[in-house]
Amino acid sequence: EATFRTVQISRQAGGGGGGSGRMAEDLADLFELELDKLNNQYETVQRGERQEVQEQIDAALQRLKELARRQQQENERARALASQMRASSAGGANQQRLIEQTEELARQLEKLSRERSRPDLRETARRLQQAADAMKQAMASRSAGEAGMGKVALEELRDARRLLEQNQQFQVGEEIAELTERAARVERMQERIGSEVGRLNPEGDRAAFRESLAGILEQKDELGREVSDLEDSIDRVAREAR
């Protein structure tokens, strides 16, 4: 804004007259075009980072579903063993692997939470650690009590899964809001280009005409890239929403 005012004053002092208004309008269009380019570059980086996080969350959710399925199997095995009043070394080994994998997933989500400032992931990691603690208590008591702690572990895993699924829904909502803003910016870009085309004067100075036309074509190229990228983003968000 400071630069814009400085150039305006400079042009008015140098030329004045009716042309200064046109110069100021052209200058405003130029600044708006550059700002749009910067916004596009910034948002491209942001979308890449957000997509990377979302892919990690999706992978964590799939692992969490598998852990819950296996914990349910362990609970069923524990009930069968408890009814026979005997322990199983194989069952203990399976439960130990579940504990290790659950704690590993909790550490990964905790790290992702710190790196991306995501408290929702920290809560999911806490639930996973609680599930792992319940599994340990279940292993420590190979009796009827194990079934109870196994159920607690399974509920903690399910709670963690629900948290991740809620996070996915929230993420889609945020991305839809961003797409709406990007679509509005594309509309403004097209309106600005249409305005500049309307001001073209092919009967005037040829050099000025060619320069203005080249600027418009550059903006059209930029607009085309933004529209294509926007379309790809809409397709991706639609797939995630499904």
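The values are calculated or read from the model by the stated rules, or taken from the named source; none is laboratory data. Not measured: the values here are computed from a predicted model. FYI the Cβ positions are ideal-geometry reconstructions off the backbone, even for glycines, and counts take in every protein chain you see. The accessibility values were calculated without ligands, DNA or RNA, using every heavy atom of the protein model including side chains. Shrake-Rupley method; radii C 1.70, N 1.55, O 1.52, S 1.80 Å.
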Problem set entry | Answer from G173, G204, G194, G224 - the residue that is farther than 16 Å from T44 by Cα, small (G, A, S) and either at pLDDT 85 or above or open to solvent by 80 Å² or more (accessible area, probe 1.4 Å) (or both) | G194
For this session: Test E156 against the stated conditions and say whether it is within 32 Å of the chain's Cα centre (by Cα), farther than 19 Å from V53 by Cβ and without any contact (Cβ under 8 Å) to a residue 40 or more places away in the chain.
Result: yes
Exercise. Could you list, in sequence order, the residues of region 227-242 that are of a type outside the set (A, V, I, L, M), open to solvent by 40 Å² or more (accessible area, probe 1.4 Å) and within 26 Å of L38 (Cβ to Cβ)?
Worked result: S228, D229, E231, D232, D235, R236
Exercise. Could you list, in sequence order, the residues of region 171-187 that are out of contact with any helix residue (DSSP H, G or I) (no Cβ under 7 Å at 6 or more places or on another chain) and touching a residue at least 12 places away in the same chain (Cβ under 8 Å)?
Worked result: E178
Seminar exercise, completed: Restricted to region 94-123 and to residues being modelled with pLDDT under 85 and among the hydroxyl-bearing types (S, T, Y), the residue nearest to E74 (Cα to Cα) is S113
Exercise. R161 is checked against (1) at pLDDT below 75; (2) open to solvent by 80 Å² or more (accessible area, probe 1.4 Å); (3) over 18 Å from the mean Cα position of the chain (by Cα) and fails just one. What number does that condition carry?
Worked result: (1)
For this session: Select from region 143-158 the residues that are at pLDDT below 75, surrounded by fewer than 23 Cβ atoms within 10 Å (Cβ to Cβ) and either among the charged types (D, E, K, R) or more than 16 Å from Q96 (Cβ to Cβ) (or both) and list them in ascending order.
Result: S143, A144, G145, A147, G148
Exercise. Do we have K136 as of a type in the set (K, R), open to solvent by 70 Å² or more (accessible area, probe 1.4 Å), touching a helix residue (DSSP H, G or I) at 6+ places or on another chain (Cβ under 8 Å) and closer than 24 Å to A93 by Cβ here?
Worked result: yes
